[in-house]
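What follows is a set of notes on a single structure, which appears directly below.
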There are 2 protein chains.
Amino acid sequence: MERQLMYAPTARTVPTRYRERARYDRATVHGILDEALVCHVGFGGDGGPVVLPTIHARVDETLYLHGSTGSHPMIAAAGAPDGLPVCVTATLVDGLVLARSWMHHSMEFRSVVAVGSARLVRDDDEKLRALAAVVDHVARGRSTDSRPPNARELAATAVLALDLLEVSAKVRTGGPVDDEEDLTLPHWAGVLPLTLQPGLPVAATDLDPATPVPPYLAEYRRA
Amino acid sequence: MERQLMYAPTARTVPTRYRERARYDRATVHGILDEALVCHVGFGGDGGPVVLPTIHARVDETLYLHGSTGSHPMIAAAGAPDGLPVCVTATLVDGLVLARSWMHHSMEFRSVVAVGSARLVRDDDEKLRALAAVVDHVARGRSTDSRPPNARELAATAVLALDLLEVSAKVRTGGPVDDEEDLTLPHWAGVLPLTLQPGLPVAATDLDPATPVPPYLAEYRRA
């Protein structure tokens, strides 16, 4: 079956503002989800909305989140036979946009919002594939350079799957757009780029000092 | 009235897992909120939970969010006379924690979760103070080096205020904690530090090239 290049916009994925910044093509959405190290998952708790940061991984058109079976979202998902309604949002900040007026200050950013019902993954093979993807999302290639979970560890880990059906990206690039009458104001205007930069790897105190730093860390890049 | 040094933990702010990582002291919470450039705000939408990235600013014990009066959360807040139940989460990623086993992989991070009912700010003076704080949250000192909003701009901007009453931080630092029997595995283990780094300021194409880069951008730091 041929896959559509675009996600279909829905009432929940069309922004109320700046619709020209919305993107629905899979390439943009996938790129943002894969580059963002963490996402924020929102769900309805007993006492109101809950938003928690968590790591994620995309496998084709499924977004996986994981956590302890005793964690808040996993307990909520276990009690939701039809899936847990969630909103998963991943955001990359690329720069500050400084305009002459407060009003036109902005950010260069790329974000993805995915909504839907997340299901608890019951199948151990799918769970293992999802966890491998999560480890490789942290650092590409790491899953084959570390020990996979044993049966006890696998049982203690819960995995949520959200199929990417209702999803949109929002992208803002470029410099400030000032009002004509503000252009003669004396204030500096432009963009301060921001990037997430890796530092030098710090070996664990209990690591054999002869262990080389693997290339996926020595040349670490998110994009 | 003397202010307590700590926020009182509540059922909503005690994590289900890793309680030893929870922090309730104001200094830690304020530090994370002030350093994090953006937060994620969650609220209940018509079609389920919604999580959106947004910039914020803290003024004493109030967290301010702003947006167009036509934006999704502001419309929701305008329709909630008792305030809009929200969860605001700010997350700083400080590094990857690479363990010998998949299971013990983790992140160095600092996050804050604040819950409560957010009120729409109706008073123009408070709105202006909040917007100045937001501009200064982007770059300290910027509010006095750019044009404040005029009456039309102020009317088009909505500000939400969340009093910091139910709030907690979660902090994880340090290297991997591997199982004893994994220590002889050949895999590298340790931390890859990550920091949000500013690049060189890029002037707007319509900026007078004689305009100097202000010191708050030339020496930009979040922490």
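The values are calculated or read from the model by the stated rules, or taken from the named source; none is laboratory data. Just so it is clear, the structure is predicted and the values come from calculations on it, not from any experiment. Every residue, glycine among them, receives a Cβ derived from its backbone with ideal geometry; neighbour counts consider all protein chains shown.
Summary of values
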item	result
Selected residue (only one of B:Leu65, B:Leu5, B:Leu98, B:Leu52 is over 29 Å from B:Arg140 (Cβ atoms), of a type in the set (A, V, I, L, M) and either surrounded by 22 or more Cβ atoms within 10 Å (Cβ to Cβ) or without any contact (Cβ under 8 Å) to a residue 60 or more places away in the chain (or both))	B:Leu98
Scope segment B:171-183; condition at the interface with chain A (Cβ under 9 Å from one of its Cβ atoms) and either among the small types (Gly, Ala, Ser) or touching a strand residue (DSSP E or B) at 6+ places or on another chain (Cβ under 6 Å) (or both); matching residues	B:Gly175, B:Pro176, B:Asp182
Test: residue in segment B:9-17 that is in contact (Cβ under 8 Å) with a residue 24 or more places away in the chain, closer than 27 Å to A:Arg110 by Cα and under 19 Å from the mean Cα position of the chain (by Cα)	no
Matching option when the condition is touching a Leu at 6+ places or on another chain (Cβ under 9 Å), at the interface with chain B (Cβ under 9 Å from one of its Cβ atoms) and on the phi < 0 side of the Ramachandran plot, among A:Pro186, A:Pro148	A:Pro148
Top-ranked residue of segment B:21-33 - restricted to ones that are of a type in the set (D, E, K, R) and surrounded by fewer than 17 Cβ atoms within 10 Å (Cβ to Cβ), ranked as modelled with the lowest pLDDT	B:Arg21
Residue match in segment A:81-92 (condition: surrounded by 22 or more Cβ atoms within 10 Å (Cβ to Cβ) and either at pLDDT below 95 or over 18 Å from A:Lys170 (Cβ atoms) (or both))	yes
Evaluation of A:Val135 against (1) within 22 Å of B:Pro193 (Cβ to Cβ); (2) within 7 Å of chain B (Cβ to nearest Cβ); (3) over 15 Å from the mean Cα position of the chain (by Cα) (one fails), failing number	(3)
Tabulated pairs, segment B:130-157, first acidic (Asp, Glu), second part of a helix (DSSP H, G or I) and crowded, with 16+ Cβ neighbours inside 10 Å, C-beta under 9 angstrom, 6+ apart or interchain	B:Asp136/B:Arg142; B:Asp136/B:Ser143; B:Asp145/B:Tyr216; B:Glu153/A:Trp102; B:Glu153/A:Met103
Number of the exception - B:Ala223 against (1) more than 10 Å from chain A (Cβ to nearest Cβ); (2) at pLDDT 95 or above	(2)
Scan of segment A:108-133 for residues that are under 28 Å from B:Val38 (Cα atoms) and surrounded by fewer than 22 Cβ atoms within 10 Å (Cβ to Cβ), ordered by number	A:Glu108, A:Gly116, A:Ser117, A:Ala133
Residue satisfying condition, being free of Cβ contacts under 8 Å to residues at least 40 places away in the same chain and either more than 9 Å from chain A (Cβ to nearest Cβ) or part of a loop (DSSP other than H, G, I, E, B) (or both), within set B:Leu200, B:Leu162	B:Leu200
Checking A:Ala78 against (1) surrounded by fewer than 22 Cβ atoms within 10 Å (Cβ to Cβ); (2) more than 10 Å from the chain's Cα centre (by Cα); (3) modelled with pLDDT of 95 or more; (4) aliphatic (A, V, I, L, M), the condition it does not meet	(3)
